[in-house]
1. Does Glu308 qualify as being acidic (Asp, Glu), modelled with pLDDT of 95 or more and crowded, with 18+ Cβ neighbours inside 10 Å?
2. Which one of these is surrounded by fewer than 22 Cβ atoms within 10 Å (Cβ to Cβ) and closer than 25 Å to Ala28 by Cα: Glu366, Glu435?
3. Looking only at residues in the range 108-157 that are over 24 Å from Ala66 (Cα atoms) and of a type in the set (A, V, I, L, M, F, W, C), which one is surrounded by the fewest Cβ atoms within 10 Å (Cβ to Cβ)?
4. One residue is enough: does the range 323-336 have a residue meeting the conditions under 30 Å from Trp364 (Cα atoms), among the small types (Gly, Ala, Ser), within 21 Å of the chain's Cα centre (by Cα) and part of a helix (DSSP H, G or I)?
5. Any residue that is touching a residue at least 60 places away in the same chain (Cβ under 8 Å) and touching a Gly at 6+ places or on another chain (Cβ under 9 Å) - is there at least one of those in the range 324-336?
6. Say we look at the range 201-213 and pick out the residues that are within 25 Å of Ser264 (Cα to Cα) and at pLDDT 95 or above; which of these is surrounded by the most Cβ atoms within 10 Å (Cβ to Cβ)?
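The values are calculated or read from the model by the stated rules, or taken from the named source; none is laboratory data. Small disclaimer: the values here were computed from a predicted structure and weren't measured. Virtual Cβ from ideal backbone geometry, glycine too; neighbours counted across all protein chains shown.
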Amino acid sequence: MSLRDEIYDTYKDHINSHMEENRKGALAMKDRMEHSQLYWNGMVDKTVHIPKIFDEETIGRFRRIASFTYRIFGKVIREYREHEDFRKLFPFSKELEELILLPAPYDGFLPIARFDLFYHEDTGEFHFCEINTDGTAAMVRDLELRKELINNPAHQEVIRKYKLRHFELFDSWVQTFMGLYDTYPKKKENPNVALVDFLENATLREFEEYARHFQEAGIFCEICDIRSLIYKDHALYSPAGHRIDAIYRRAVTADIMDHYDEVSDFLDAVRNDDVFLAGAFETQLIHTKWLFYVLHHPRSRKFLTDEEWQFVEKHVPKTVEFAHEYISLDEVKAGKDSYILKPMDAYASKGIYASGREYEQEKWEEICQDLYGKGYICQQYCEQYMTDNIDFAWGDGNWHPYINMPGLYVYNGVFSGFLMRMACEENIIVAHENERTAPVFVCE
């Protein structure tokens, strides 16, 4: 038996033999979570009772996946910049293409990302689910959920017997961000940093956590709505009147394009290179769900090595636009269990129809008919990896199989930690609905 399995069995045995004690602990955790940074916009991030445990060998695999994938993504960005025929493969507007082609103000091409995986722990096989770039979020969940485990009796039993370590996602990002800023030709000795987004979409408590870590590193940082920035005399200012030298962009590109005329000051400062921006708009090439289609396109074979091409073939789900130019409506209707439908450019699980496995044939055909040619993608459905877990606080307090989706946070090409999400006996994880987040530990 592996050490990972041994620790999992220790959790399970303790829960089964101390069921009421663990139930009380879970309810205490829930109460504390509802008064923590996990509570926002009237909702609280939910969890399961057994945290996720990985061994060092698996962590090594994740590091290799992150670095190899990052290398491929760098080639995609370079190819887009240098070759017009490759640019035509992406469905971007003229305005967005202009932003993508602006020079990146740092040495690197993907400052921050999360690679979400369908990962099978028993075999090491995996497929990508999707890639998030600048809007990458939820780092605060792992941090806060680890704190709440003080009320989890099964976890307390485990840490008495085993040595576990965890990842740190805040100071490590501050260090990465400032390392990138250090490569900026116009860098200042004591820069003012702004964390910007459309604040109605923002997880403000997480933003505040990041701002605190910048401040603790001796770096002035404030949170700003991207629409409120003021550009004058070749300098960008916050609404409070502070000069902004560097921006950590959490505003996703789709939202920026939807509010294009409202963010002109921000965009003018970026165009004129009067502010450092992490990340530059070239990251949209990796964020778009259309990336998977492009990676499988024969044109990508020209710049990928044999090893990289085989990696794509094996691990990137086949993806096409859900339209008559790419796939027939009848084929998708008939292959109900083989496909998943997603909006071309959305986030937080919005608008996803998770394979026909969730629907009767008649309903699936109706969904397909309604979405065909409406800006959706059609993607190969990937089998899920499941482990038993138990949820006393939001669930029924019984054991169920939960699908597992590790999200790998990657800071400038370096694997840096996890967002570990689960869902009970489902085909997909839907944010803030069936979603459960588990803190992650590594057994030593």
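1. On the way: acidic (Asp, Glu): yes; modelled with pLDDT of 95 or more: yes; crowded, with 18+ Cβ neighbours inside 10 Å: yes.
So Glu308 passes the test.
2. On the way: Glu366 fails: closer than 25 Å to Ala28 by Cα.
Checking each option against the conditions leaves just Glu435.
3. Of everything passing the filter in the range 108-157, Ile150 is surrounded by the fewest Cβ atoms within 10 Å (Cβ to Cβ).
4. Of all residues in the range 323-336, those under 30 Å from Trp364 (Cα atoms) come to 323-336.
If we keep only those that are among the small types (Gly, Ala, Ser) as well, we get 323, 328, 334-335.
Now drop any that are not within 21 Å of the chain's Cα centre (by Cα), which leaves none.
No, every residue in the range 323-336 fails to be under 30 Å from Trp364 (Cα atoms), among the small types (Gly, Ala, Ser), within 21 Å of the chain's Cα centre (by Cα) and part of a helix (DSSP H, G or I).
5. Initially, the range 324-336 is screened for residues touching a residue at least 60 places away in the same chain (Cβ under 8 Å), giving none.
No, the range 324-336 contains no residue that is touching a residue at least 60 places away in the same chain (Cβ under 8 Å) and touching a Gly at 6+ places or on another chain (Cβ under 9 Å).
6. The first filter runs over the range 201-213 and keeps only residues within 25 Å of Ser264 (Cα to Cα), leaving 201-204, 207, 211.
Now restrict to residues that are at pLDDT 95 or above: 207, 211.
Details: Phe207: 22, Ala211: 19.
Ranking the candidates gives Phe207 first.
Here's the yes/no breakdown for (1) without any contact (Cβ under 8 Å) to a residue 12 or more places away in the chain; (2) of a type in the set (Asp, Glu):
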{"residue": "Met29", "(1), (2)": "no, no"}
{"residue": "Met33", "(1), (2)": "no, no"}
{"residue": "Asp45", "(1), (2)": "no, yes"}
{"residue": "Gly60", "(1), (2)": "yes, no"}
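One line per residue, one yes/no per condition, for (1) outside the structural domain of Tyr181 (by TED's automatic domain parsing); (2) without any contact (Cβ under 8 Å) to a residue 12 or more places away in the chain; (3) over 20 Å from Glu56 (Cβ atoms):
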| site | (1), (2), (3) |
| --- | --- |
| Asp391 | no, no, yes |
| Phe415 | no, no, no |
| Asn427 | no, no, yes |
| Asn434 | no, yes, yes |
| Thr437 | no, no, yes |
